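Notes for the one structure printed next.
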Amino acid sequence: MPISARSRVLRYAGYSAVLGAVFFVARWVALAAASVSQRPQASGVGPSAATTGRDTVDQIVVITLVGSNCGFSRSDLARDVLNGVRAGVSRRVSASASQLVMVGVDIDAMPHGESAVLQRMDSAKFDQVVLGGGWDNVMMQKLIWSSAYSVPLVPQVIVMRRQVLRTSEPHAIRTLQESHVLSVKGLTELKQWAASGFALPVAPENARISVPN
């Protein structure tokens, strides 16, 4: 039966509508793909994925507390004793295969500047440095005001032992256990510690802090 002109018009209109819809969808998909490819990538650096699974690290953390406004902290005796801490403690922890982390804290230094006192201790080779805040310094808060591991005094050295768990899936770093090992307060005790060869007692079990999951 012959197709009427009206039917042919309707059929062509239907084809055009379908083709238009297909073109619209294809165009939308192309634009979306281009938008994703041009999206800025994250510029930060996350935990290393070099390790696979779980990696547990035992650390000995040595925190040196000084004050730029403290005459004792600026003394040659303090410089000489504290310069020997890294080498002395390294000999003590080498047999235990623990990782040594040296932290320098100057409660008087300007946060945006440098610490003249810590710079004099070039042999200490600090891995981390915390500056400023006075007696409200974050390390003072953690080690003295909150935990009472020692008294508010500079110069001094506080030694901590901790166990850190690193995982690759998901990327995370978590402190499993942390304990206070030793506090050496003032020049007299620092001099005695150096004379002992920077001896480290075994941290008592009752001083261990289990960090919640």
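The values are calculated or read from the model by the stated rules, or taken from the named source; none is laboratory data. Remember, it's a predicted structure, so these values are computed and weren't measured experimentally. Cβ sites come from the backbone with ideal geometry, for glycine too, and all protein chains shown count toward neighbours.
Per this entry, residue 82 is not counted among residues that are closer than 25 Å to residue 165 by Cα and at pLDDT 85 or above. For the range 67-124, a residue qualifies if it is surrounded by 14 or more Cβ atoms within 10 Å (Cβ to Cβ) and hydroxyl-bearing (Ser, Thr, Tyr), and the qualifying residues are 68, 73, 75, 90, 98, 115.
Every residue, every condition in (1) part of a loop (DSSP other than H, G, I, E, B); (2) more than 28 Å from residue 96 (Cβ to Cβ); (3) free of Cβ contacts under 8 Å to residues at least 40 places away in the same chain, yes or no:
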| position | (1), (2), (3) |
| --- | --- |
| 118 | no, no, no |
| 130 | no, no, yes |
| 141 | no, yes, yes |
| 152 | yes, yes, yes |
| 158 | no, no, no |
| 163 | no, no, no |
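Residues in the range 40-66 that are surrounded by 13 or more Cβ atoms within 10 Å (Cβ to Cβ) and modelled with pLDDT of 75 or more: 55, 57, 58, 59, 60, 61, 62, 63, 64, 65, 66. Only residues that are part of a helix (DSSP H, G or I) and under 16 Å from residue 131 (Cβ atoms) were counted in the range 66-84, giving 2. Among residues that are in contact with a helix residue (DSSP H, G or I) (Cβ under 7 Å, 6 or more places away or on another chain), of a type in the set (Lys, Arg) and modelled with pLDDT of 55 or more, residue 92 is not included. Comparison of 168, 179, 196 shows that the only residue that is surrounded by fewer than 16 Cβ atoms within 10 Å (Cβ to Cβ) and free of Cβ contacts under 8 Å to residues at least 60 places away in the same chain is 196. Quick one: which residue in 147, 183 is under 30 Å from residue 80 (Cβ atoms) and more than 21 Å from the chain's Cα centre (by Cα)? That would be 183, the only listed residue that is under 30 Å from residue 80 (Cβ atoms) and more than 21 Å from the chain's Cα centre (by Cα). Among residues that are surrounded by fewer than 16 Cβ atoms within 10 Å (Cβ to Cβ), assigned to a loop (DSSP other than H, G, I, E, B), hydroxyl-bearing (Ser, Thr, Tyr) and out of contact with any helix residue (DSSP H, G or I) (no Cβ under 6 Å at 6 or more places or on another chain), residue 147 is included.
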